[in-house]
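For reference, the structure is listed below as structure tokens.
The values are calculated or read from the model by the stated rules, or taken from the named source; none is laboratory data. Since the structure is predicted, the reported quantities are computational estimates derived from the model, not experimental observations. Every residue, glycine among them, receives a Cβ derived from its backbone with ideal geometry; neighbour counts consider all protein chains shown.
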Amino acid sequence: MAPRDCKWTADVFDAFKQSLQESVPYGELRSRALKRIQFLDPAKPVDKEREENSVEVWHELERASPSKAEFLSARAEQLRSIACGDAGS
């Protein structure tokens, strides 16, 4: 697999695709994985509508994410529940 700071080229995509083909057994899972990565192929034209929709989805997810304080509070509550049981004592 390519390093995180690489240039995404057709050769890098082909290596990534080959890696999936070698590591995921033949069948439905491999077919679905290969289908899902097709939009990453730099040799294919960009679907502007899909790109705009995916950008908006990411923005919505970002807006819906809890603040750091909310996240830490919820995690502390989960750990308290695990350690102390639902009674919290």
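Among residues that are surrounded by 10 or more Cβ atoms within 10 Å (Cβ to Cβ), hydroxyl-bearing (Ser, Thr, Tyr) and closer than 30 Å to residue 9 by Cβ, residue 54 is included. Here residue 18 fulfils each of the conditions (1) surrounded by 10 or more Cβ atoms within 10 Å (Cβ to Cβ); (2) within 19 Å of the chain's Cα centre (by Cα); (3) not small (Gly, Ala, Ser) apart from (2). Give me the residue from region 39-79 that is assigned to a loop (DSSP other than H, G, I, E, B) and more than 27 Å from residue 17 (Cα to Cα) and, out of that set, modelled with the highest pLDDT. That would be 67.
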